[in-house]
Amino acid sequence: MGDFNRCIEIILTEEGGLVNHPRDPGKLTKFGISQRSYPDLDIAHLTREQAMEIYRRDYWDPIKGDDLPAGLDLLLLDTAINMGATTAVLLLQEALGVTQDGNVGPATLARARQTMPDAMREFCALRGWRYEINRNEEVFGKGWFRRLFRVYDTARDWSR
């Protein structure tokens, strides 16, 4: 079953601290929480604990992280943070060959458990394709792919 505390440590390491890249549409970002997504939040003074609360509420809970198999919990959370929770779930459902409704329900969970860890490779291929068609791929693409491979390696190890 999913483990938020274990996953969030990887996420916070990947996201880093305060960043304000001129080509990032997210604008000012801290711990991966962007001004664009949270315009009323004081990003510069965001604490680690506040970021963790946001990640749990807005990303982990919508993907039903507690119910996901080990490894897939990390991979899906990382994708939700990078692409949005609904997109992450739709990609997972496509990889699993189940109805794509954007909600993690019993059929999605059952299929995920049946096909682990093999489903993670297909999921990563679909995520990678989304990078290729993203307008910011030229600027951020190599970093996105490096992160995807790092997270996949960890997720694969956790799924054993």
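Can you find a residue that is over 29 Å from Ala119 (Cβ atoms) and either surrounded by fewer than 17 Cβ atoms within 10 Å (Cβ to Cβ) or over 11 Å from the mean Cα position of the chain (by Cα) (or both) anywhere in the range 64-84?
Here is the first cut: in the range 64-84, the residues over 29 Å from Ala119 (Cβ atoms) are none.
No, that holds for no residue.
Being under 28 Å from Met116 (Cα atoms) and of a type in the set (D, E, K, R) is the filter here; which residues of the range 1-52 pass it?
Asp3, Arg6, Glu9, Glu14, Glu15
Part of a helix (DSSP H, G or I), touching a Phe, Trp or Tyr at 6+ places or on another chain (Cβ under 7 Å), farther than 16 Å from Thr87 by Cα and modelled with pLDDT of 85 or more: does that describe Phe149? Before you say what the answer is, go through the steps one by one.
Values: part of a helix (DSSP H, G or I): yes; touching a Phe, Trp or Tyr at 6+ places or on another chain (Cβ under 7 Å): no; farther than 16 Å from Thr87 by Cα: yes; modelled with pLDDT of 85 or more: yes.
The answer is no for Phe149.
Answer yes or no as to whether Thr99 is at pLDDT 95 or above and within 12 Å of the chain's Cα centre (by Cα).
Values: at pLDDT 95 or above: yes; within 12 Å of the chain's Cα centre (by Cα): no.
Here the answer is no, as Thr99 does not meet what is asked.
What are the residues in the range 3-40 that are part of a loop (DSSP other than H, G, I, E, B), at pLDDT 95 or above and under 20 Å from Asp153 (Cβ atoms), if any?
Asp3
Please verify whether the range 116-134 includes one or more residues that are under 22 Å from Asp61 (Cβ atoms), surrounded by fewer than 21 Cβ atoms within 10 Å (Cβ to Cβ), at pLDDT 95 or above and not small (Gly, Ala, Ser).
Keep residues of the range 116-134 that are under 22 Å from Asp61 (Cβ atoms), which gives 116, 119-120, 123, 127.
Remaining after also requiring surrounded by fewer than 21 Cβ atoms within 10 Å (Cβ to Cβ): 116.
Okay, now just the ones that are also at pLDDT 95 or above, so none.
No, every residue in the range 116-134 fails to be under 22 Å from Asp61 (Cβ atoms), surrounded by fewer than 21 Cβ atoms within 10 Å (Cβ to Cβ), at pLDDT 95 or above and not small (Gly, Ala, Ser).
Taking interchain pairs and intrachain pairs at least six residues apart, which have beta carbon atoms under 8 angstrom, with the first residue in the range 101-119 and of a type outside the set (A, V, I, L, M, F, W, C) and outside any loop (DSSP other than H, G, I, E, B) and the second loosely packed, with under 14 Cβ neighbours inside 10 Å and modelled with pLDDT of 95 or more?
Arg111/Gly97
Of all residues being out of contact with any Pro (no Cβ under 8 Å at 6 or more places or on another chain) and not in a helix (DSSP H, G or I) in the range 70-87, which is modelled with the highest pLDDT? Just the residue, please.
Ala70
The values are calculated or read from the model by the stated rules, or taken from the named source; none is laboratory data. Remember, it's a predicted structure, so these values are computed and weren't measured experimentally. Cβ atoms come from the backbone with ideal geometry, glycine included; neighbour counts cover every protein chain shown.
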